[in-house]
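Undergrad: Below you will find the structure I want to go over with you.
Please treat every number below as a calculation from the coordinates, not as lab data. The structure displayed is predicted, hence computed values, not measured ones. Neighbour counts are summed over all protein chains in view; Cβ atoms, including those assigned to glycine, are modelled from backbone coordinates with ideal geometry.
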Amino acid sequence: MELRYENGLAGGGWLFDRVNGMFREIDQAGRQMVPAADVIENKDGYRFYFEMPGLTTESISVQVEDGRLLVAAERRRPEWSKETAVHVAERGYGQLRRAFQLPKDASHENIHAAYKDGVLEVRVEKRPESKPVKIQIN
């Protein structure tokens, strides 16, 4: 079994760990978490997969700002009655944030997001002019 951790994409000019550095710190006033992510590239674009279980689509925000893909959400702690005894509370609650600097060939207009089974998928298409074009020879 091979286990790999990639912290950048070769040749793409991505240095997203710098952007995520600001989100890696835990804010003591309101706990902030960084969701695990996978970033995949194919000929048509990029796919980002974020592990974000226990959320609703209404609590998730996806936007592009200054060439960065920003994903944010909040997982709220359940309200328990005063008579409830909590014996173990290990799940994380609070703000979830992650940011990636988009490569130059990414289109900011063609971005699609879907949330299913605790995973947020964000698809970013490449700009048409950056895609390879096959030339027919006569």
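Undergrad: Where the only charges are on Cβ atoms (+1 Lys, Arg; -1 Asp, Glu), what is the dipole of the range 78-138 about its Cα centre, to the nearest 20 debye?
TA: Computed charge dipole of the range 78-138: roughly 340 debye.
Undergrad: For Leu102, which sequence-distant residues (separation of 5 or more, or a different chain) have an amide H within less than 5 Å of its own amide H, given hydrogens modelled in the peptide plane?
TA: Result for Leu102 returns Arg68, Leu69.
Undergrad: Still on this structure, please answer the following. Which length gain, in nm to one decimal place, applies between Glu109 and Val64 when the Cα-Cα distance is subtracted from 0.36 nm times their residue separation?
TA: Numbers: separation 45, 0.36 × 45 = 16.20 nm, distance 0.94 nm.
Residue separation times 0.36 nm, minus the Cα-Cα distance, leaves 15.3 nm.
Undergrad: Note down the nm distance, to one decimal, between modelled labels 7 Å out along Cα→Cβ at Gln136 and at Ala89.
TA: Inter-label distance under the simple model: 6.7 nm.
Undergrad: Rounded to the nearest 20 debye, what is the charge dipole size of the range 34-98 about its Cα centre when +1 sits on each Lys and Arg Cβ and -1 on each Asp and Glu Cβ?
TA: Dipole about the Cα centre, nearest 20: 140 debye.
Undergrad: What are the ³J(HN,Hα) couplings of the range 48-56, residue after residue, when phi is run through the Karplus curve with 6.51, -1.76, 1.60 and θ = phi - 60°? Round to Hz, x for glycine and proline.
TA: For the range 48-56, the Karplus-derived couplings read 10, 10, 10, 7, 9, x, x, 10, 10 Hz, x marking Gly and Pro.
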